[in-house]
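This report concerns only the one structure given below.
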């Protein structure tokens, strides 16, 4: 009977260690990590002053992430796919529950193989995306297009672009206005500047949006109604926009980037290629001249960086949201008003921490097993000595 009880006790401890490690690493770990994050408070240190002397409006709580890279049927191993998607789903759902953002932006490269996936595989990828990034009606989810979604410039075509826009029920280039804040969404994949049909269409739409925004600002400043040349333009709140896109604006490299989510030291001095790693100089200058954004948010590089263009246009590169691309994924929390903004970064659990917990649990199991074996060996030796003593007495 004691031997039977010991076996049950050992089995219970084994189940407790394995189950506890699994529950902590796959579910519980996201809560204390993301609970440390908080929405930044807006001060007048960043952004413009109050518009026309009016008091600052209520802020928009925007969560910004990038490069989820849902693995496809061709290059994604089933276990890698299962692991990464579970991690992103738990992190996203925990962040929604704890932080309650009003709007979530994903800055492109939603899928890893959208550029070549068949219709069947595309539909499967979309179904998994909607399951992972499900949200309540209180939160608006806005998705931008990236090169892995429709292909690089030489791979993209109308079919892939329209397939993407149909799934997310919106044009890839547009303005979203929330509480007086203008968010300009740019299809940066099409800013190649070679006059391709998609490039011409996107550039034409950007010029129109720029005209509408500039007319809105001029109309507000003049106070005399519609300005000359602005007839027929759509009016937006008179606030400088925040520009969101997949490709970063032109920069030479990540040499000036710092922080725990920056590129590795040996990679920071690698030169970026125009129209591949970053936008061209020409396209970057056009966007800055057209929109004069107070903030640019971009993805694509999978690493964090902060750059100031022309000494007045700040750009934040948002790291990848997937553990497949980084050991320490993160996302941006932005509190934005029509006149100002504040940013903070929220880091998710590091994969090395999860691996460390599993290794520690494995070591505990091994020690427990060895202790049990030694205890059983000692018990057997004791019994054999007792039996031997009785045999000699006879």
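What's the angle, to the nearest 10 degrees (0 to 90), between helix 351-393's Cα axis and the longest principal axis of the chain?
With rounding to tens, the tilt is 0 degrees.
Using mean Cβ contacts within 10 Å as the protection proxy, how do 298-311, 95-108, 189-202, 268-281 order, highest first?
Per-residue mean Cβ counts within 10 Å order the peptides as 95-108, 298-311, 189-202, 268-281.
Just how far, in whole angstrom, is the stretch 232-251 from the stretch 63-99 if you go by their alpha carbon centroids?
28
Add -39500 (n - 2.57) for each DSSP H run of 4 or more in the chain, then divide by its residues: what number comes out at 222 nm, to the nearest 500 deg cm²/dmol?
-13500 deg cm²/dmol
Rounded to the nearest 0.05, what FRET efficiency do residue 368 and residue 152 have when you use their Cβ-Cβ distance and R0 = 51 Å?
Taking R0 as 51 Å, the efficiency between residue 368 and residue 152 is 0.45.
Take residue 159 and residue 82, extend 7 Å from each Cα along the Cα→Cβ direction, and tell me the distance between the two endpoints in nm.
About 3.3 nm separates the two model spin labels.
Output the peptides 116-126, 239-249 sorted from most to least packed, where packing is the average of other Cβ atoms within 10 Å over each peptide's residues.
Listed from highest to lowest mean packing, they are 239-249, 116-126.
Considering only the stretch 274-370, what is the antiparallel percent among its DSSP beta bridges, to the nearest 5?
Percent antiparallel among DSSP bridges in the stretch 274-370 is about 75.
Rounded, prolate or oblate: pick one for the chain, where a ≥ b ≥ c are the square roots of the eigenvalues of its C-alpha gyration tensor, a/c under 1.5 means rounded, and failing that, prolate if a/b is larger than b/c, else oblate.
Verdict is prolate for the chain.
Please report the antiparallel percentage of DSSP beta bridges with both residues in the stretch 38-348, rounded to the nearest 5.
Taking every DSSP beta bridge with both residues in the stretch 38-348, the antiparallel ones total about 50 percent.
Between the stretch 103-121 and the stretch 265-343, how far is it from one alpha carbon centroid to the other, in angstrom?
20
Using Cα atoms only, what is the angle between the long axis of helix 197-222 and the major principal axis of the chain, expressed in degrees (0 to 90) to the nearest 10?
70
Given 0.36 nm per residue, what is the gain on full extension from residue 93 to residue 124 after removing their alpha carbon distance, in nm?
Taking residue 93 through residue 124 to full extension adds about 9.1 nm, to one decimal.
Rounded, prolate or oblate, given the Cα gyration tensor of the stretch 251-354, with a/c below 1.5 counting as rounded?
Oblate.
At what distance in nm do the modelled label points of residue 282 and residue 170 sit from each other, each positioned 7 Å from its Cα along Cα→Cβ?
Spacing of the two 7 Å Cα→Cβ label points: 3.0 nm.
For a quick protection proxy, order the peptides 72-79, 140-147 by their average other-Cβ count within 10 Å, most packed first.
The peptides rank, most packed first, as 140-147, 72-79.
Once both axes come from the Cα atoms, what is the angle between helix 158-167 and the longest principal axis of the chain, in degrees from 0 to 90, rounded to 10?
Approximately 70 degrees, to the nearest 10.
Report the calculated FRET efficiency for residue 22 and residue 221 (r = Cβ-Cβ distance, R0 = 56 Å), to the nearest 0.05.
Using R0 = 56 Å, I get an efficiency of 0.40.
Please work out how much length the chain gains when fully extended from residue 201 to residue 41, using 0.36 nm per residue of separation minus the C-alpha to C-alpha distance, in nm with one decimal.
Working it through step by step, the gained length comes to 53.7 nm.
Where a number appears in this text, it was derived from the coordinates with a stated rule and is not lab data. Only a predicted model underlies this, so the values are computations on that prediction, with no experimental measurement involved. Cβ: placed from backbone, ideal geometry, glycine included. Neighbour counts: every protein chain shown.
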